[in-house]
1. Restricting attention to the range 164-182, which residues are part of a helix (DSSP H, G or I) and open to solvent by 50 Å² or more (accessible area, probe 1.4 Å)?
2. Working only within the range 147-163, note down all residues that are surrounded by 11 or more Cβ atoms within 10 Å (Cβ to Cβ) and free of Cβ contacts under 8 Å to residues at least 24 places away in the same chain.
3. Failed condition for Arg91, given (1) closer than 30 Å to Ala142 by Cα; (2) without any contact (Cβ under 8 Å) to a residue 12 or more places away in the chain; (3) open to solvent by 90 Å² or more (accessible area, probe 1.4 Å), with all others met?
4. Please find, within the range 99-132, the residue that is nearest to Thr173 (Cα to Cα) out of those that are among the small types (Gly, Ala, Ser) and out of contact with any strand residue (DSSP E or B) (no Cβ under 9 Å at 6 or more places or on another chain).
5. Filter the range 115-146 down to the residues that are closer than 14 Å to Gln96 by Cα and of a type in the set (Val, Ile, Thr) and list them by number.
6. If we keep just the residues of the range 194-214 that are closer than 22 Å to Ala166 by Cα and part of a strand (DSSP E or B), which is least open to solvent (accessible area, probe 1.4 Å)?
7. Would you be able to say whether some residue in the range 63-74 is open to solvent by 40 Å² or more (accessible area, probe 1.4 Å), part of a helix (DSSP H, G or I), in contact (Cβ under 8 Å) with a residue 60 or more places away in the chain and out of contact with any Gly (no Cβ under 9 Å at 6 or more places or on another chain)?
8. List the pairs whose first member sits in the range 35-57 and is of a type in the set (Ser, Thr, Tyr), whose second member is open to solvent by 70 Å² or more (accessible area, probe 1.4 Å), and whose Cβ atoms are under 9 Å apart, counting only residues at least 6 apart or on separate chains?
Amino acid sequence: MGYKELVESERFDVENLIRELTQESDEMRSSLNLRADESYVQVTEGYRGMSGRKNELESERNSIVYFIEEIVREKKTVFMEAFQKVDQDIRKTFSQVSGGSAYLQMENEEDVFSGGLMYLVQFPGKPPRESTALSGGEKTMAATIFLLALQALKPSPFYLMDEVDAHLDAQNTEKLSKVLFERSKGNQIIMVTLKDSTVAKADQIFGIYPKSGLSQVVHYRNPSHVPLAEVKTAD
């Protein structure tokens, strides 16, 4: 109350002290928040609640980011496994059919999903080129082999091909028909063709010809492909 030393006097001016204390109390009352303790508790509890919620949101965010990263890693792993299988099949089959080389190449190996794929093909005696720069017959060969590679990755019950050998010469037609015959052991290949070498390797042949304005169908089963148990000999 303004006294720096203990007042030892036995005489006190009580009324003066009370007046001074009352005046000081009135002056302080106008500048004090009497509900400060309640406000402090409310603010503290609100801060703790917001801080806890912030920590929960950060934890949820980290979980989502981790989940996304896992999906990206798994997607890349699955893609690279499929890419390598298709690429290996293309290399093997193309060399077997044409004697040349073909392979897949990613445009951006650092970020495989930011770019596309290039299909590079090299026929014997020619420089390597992208599949889009090939001639008609070469494109047919490259596209068919690419299709067969996809077939090996995820086989389907049957495949329908419409004159894929139309632009191939006799030598390449023979090689391609051999590959198709080997691949047909695991599934059924239905092929429309006019090439004798391809027809000769088919298990069953359906010929279509016109007669009196109507399409006629003739069926022939290749006896060289019929199992021995089904072969009937004449008496």
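1. Going through the range 164-182, the residues part of a helix (DSSP H, G or I) turn out to be 170-182.
Matches in the range 164-182: Ala170, Gln171, Glu174, Lys175, Lys178, Phe181, Glu182.
2. Residues of the range 147-163 that are surrounded by 11 or more Cβ atoms within 10 Å (Cβ to Cβ), as a first pass: 147-153, 155, 159, 161, 163.
The one that is surrounded by 11 or more Cβ atoms within 10 Å (Cβ to Cβ) and free of Cβ contacts under 8 Å to residues at least 24 places away in the same chain: Leu147.
3. (2)
4. Applying the first criterion (among the small types (Gly, Ala, Ser)) to the range 99-132 yields 99-102, 114-116, 125, 131.
Adding the requirement that they be out of contact with any strand residue (DSSP E or B) (no Cβ under 9 Å at 6 or more places or on another chain) leaves 99, 114, 125.
Details: Gly99: 13, Ser114: 37, Gly125: 19 Å.
Among them, the one singled out is Gly99.
5. Filtering the range 115-146 for residues closer than 14 Å to Gln96 by Cα gives 121-124, 141-142, 144-146.
Those that are closer than 14 Å to Gln96 by Cα and of a type in the set (Val, Ile, Thr): Val121, Thr144, Ile145.
6. Gly207
7. Of the range 63-74, the ones open to solvent by 40 Å² or more (accessible area, probe 1.4 Å) are 63-74.
Applying the additional criterion that residues be part of a helix (DSSP H, G or I) yields 63-74.
Imposing the further condition that a residue be in contact (Cβ under 8 Å) with a residue 60 or more places away in the chain reduces the set to none.
Taking every residue of the range 63-74 in turn, none turns out to be open to solvent by 40 Å² or more (accessible area, probe 1.4 Å), part of a helix (DSSP H, G or I), in contact (Cβ under 8 Å) with a residue 60 or more places away in the chain and out of contact with any Gly (no Cβ under 9 Å at 6 or more places or on another chain).
8. From residues that are of a type in the set (Ser, Thr, Tyr), the pairs are Ser39/Asn33.
The values are calculated or read from the model by the stated rules, or taken from the named source; none is laboratory data. Everything numeric in this text was worked out from a predicted model, so none of it was measured. All Cβ positions, even for glycine, are placed from backbone atoms using ideal geometry, and neighbour counts span all protein chains on display. The area values use the complete protein model at the heavy-atom level, side chains included, leaving out ligands, DNA and RNA. Shrake-Rupley method; radii C 1.70, N 1.55, O 1.52, S 1.80 Å.
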